[in-house]
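First the structure, which I've put down as C-alpha cells, then a few questions once you've had a look.
What follows draws every value from the coordinates through simple rules; no lab data is involved. Note that the structure is a prediction, hence the values are computed from the model and not measured. Methodologically, a virtual Cβ is constructed for each residue, glycine included, from the backbone with ideal geometry; neighbour enumeration extends over all protein chains shown.
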Amino acid sequence: MSDLFELYQELILDHNKSPRNRRKLDCPCKSAEGYNPLCGDRVTVFVKVKDGIVEEVTFEGTGCAISTASASLMTQCLKGVKVEEAKQLFEKFHSLVMGDAEKSDEGPELGKLAVFSGVCRFPARVKCATLAWHTVNEALDEEGDKVVSSE
Ligand code: ZN
C-alpha cells in the first residue's frame, strides 16, 4: 500500500481535485481527442500555437486521478514552450513513466512532472499518465503552421 500512497502524491491529488486549464479553447486552435480503453479515461486537448510557441493549452475530459492530474500538469508545463521543446518534453515524460531513466537526462527539465516517476511501477497506469501527452502530441502534429488567424 505504501507504493500506492507514493504514487498518489499530494501534487497529483491536488491537480485531480482542482485541474488547471480545464476548459475549451476558442478557435483558432488545434485539438485532438484521446481515449484510454484500459481505464476509460477520455481527454480532448486544445492548443494554440503562434510563431512556433505554445501560447495556450487546455483540456477537457473525464478520467481517473492520474489522467486528470497528468493533463492538468501538462497544460502548465507546456504553456509558453516552443513546439520543439514540447515534443522533447513528451519524449522525456514518456521515458520517465516507462521507467526508461537513461534517456531522461537530455533535453528540457521535467520539473514538477517528475512526480509521475512512480507510475513506471504500475504498468496499468502508464497509459493514464501519458494519455494527455499523446493527445497533445497529435494536436501539435496537425497542420498547425497553416492555421489562419485574423489577428
Ligand atoms: Zn486512468
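Along the range 49-60, what does the Karplus equation 6.51 cos²θ - 1.76 cosθ + 1.60 (θ = phi - 60°) give for ³J(HN,Hα), rounded to whole Hz, x for Gly and Pro?
3J(HN,Hα) across the range 49-60, in whole Hz: 10, 9, 6, x, 10, 6, 7, 9, 8, 9, 8, 9.
Counting other beta carbons within 10 Å of each residue's own, what order do SER67, SER18 fall into, fewest first? Walk me through the numbers before you get to the answer.
Working: SER67 27, SER18 8.
Least crowded to most crowded, the residues run SER18, SER67.
Ok, one more. Taking neighbour Cβ counts within 10 Å as the exposure measure, how do LEU113, LEU78 sort from fewest upward?
Values: LEU113 21, LEU78 24.
Lowest to highest Cβ neighbour count: LEU113, LEU78.
Within 10 Å of each residue's Cβ, count the other Cβ atoms and sort MET74, MET98 from fewest upward. Numbers along the way, then the final one.
On the way: MET74 29, MET98 16.
The most exposed by this proxy come first: MET98, MET74.
Right, something else. Out of residues 5 or more away from VAL54 or on other chains, whose amide H comes under 5 Å of its own, with H placed 1.01 Å from N in the peptide plane?
Under 5 Å from the amide H of VAL54: GLY80, VAL81, LYS82, VAL83.
Count of lysine pairs in the chain with Cα atoms under 13 Å apart, counting only pairs 8 or more residues apart in sequence or on different chains?
13
Here's something else I'd like to know. Once every DSSP H run of n ≥ 4 in the chain is given -39500 (n - 2.57) and the sum is divided by its residues, what mean residue ellipticity at 222 nm do you get, rounded to the nearest 500 deg cm²/dmol?
Helix-only estimate at 222 nm: -13000 deg cm²/dmol.
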